[in-house]
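Here's the structure, in structure tokens; my notes come after.
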Amino acid sequence: MSEDNATPAAGLRLGGPAPDFTLRDQFGQDHTLSDYQGRKSVALFFYPYAFSGVCTGEMAEIRDRLDDFLTFDTEILAISCDPVYSLRTFADTDGLNFSLLSDFWPHGEVARAYDVFDESSGAARRSSYIVDKQGRLSWSVHNALPEGRDLDEHLRHLRSAAE
């Protein structure tokens, strides 16, 4: 993410614009959030670490329920501060067939823009944002580190964003 399109975390508000970014996925392909505007809602899943217990379970649950998410013309972007190569191994090991984006360098820049970077651990917090088709933040939730997400709640908010 370049400095000129970064939105300060203090400026985040529901109904406001989602900070734009470009991050590389586990296959080395770039994903730019604003490319989905006008076409799809985007579910952003920030997670602390590939291969950790709760994160592995959450990503497997998203994989298992991917059809439910795609019903709403949604793109799933899971974001961690792990390097691309770790994300590739994580995806291959667990059969994760959606985009895992690396916020590795500049380290945690996108997580900081969304106010979910934990300076003490150097990782993203377990947080989610729904970005509607107009590129606005329509919903967010922030979970404690050991607490997994409620994907049914995410799906309810995606359904609302699609209507």
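Derivation of every value follows stated rules applied to the coordinates shown; laboratory data play no part. Small disclaimer: the values here were computed from a predicted structure and weren't measured. With ideal geometry, Cβ positions are generated from the backbone for all residues, glycine too; neighbour counts draw on all protein chains shown.
Things to note:
- Distant-in-sequence amide H partners of residue 123 (H built 1.01 Å from N, under 5 Å): 118
- Highest-first packing order for the peptide set 44-56, 16-28, 134-146 is 44-56, 16-28, 134-146, based on the mean count of other beta carbon atoms within 10 Å.
- Computed over the range 23-88: relative contact order in percent, which uses C-alpha pairs under 8 Å that are six or more apart: 49 percent
- Among the GluC sites (Glu not before Pro) in the range 61-158, those located in a DSSP loop and surrounded by at most 13 other Cβ atoms within 10 Å of their own Cβ are 119, 147.
- Percent antiparallel among DSSP beta bridges (both partners in the chain, rounded to 5): 65 percent
- Dividing the mean sequence gap of close Cα pairs (under 8 Å, 6+ apart) by how many residues the chain holds gives a relative contact order of 30 percent.
- Taken about its Cα centre, the chain carries a charge dipole of roughly 240 debye when the Cβ of each Lys and Arg holds +1 and the Cβ of each Asp and Glu holds -1.
- Amide H to amide H distances under 5 Å link residue 79 with 45, 46, 47, 101, where only residues 5 or more positions off or on other chains count and H is placed in the peptide plane.
- For the range 41-95 versus the range 113-163, the gap between their alpha-carbon centres in whole angstrom: 13 Å
- Size of charge dipole - the range 88-163 - debye, nearest 20, with Cβ of Lys, Arg +1 and Asp, Glu -1, no other charges: 200 debye
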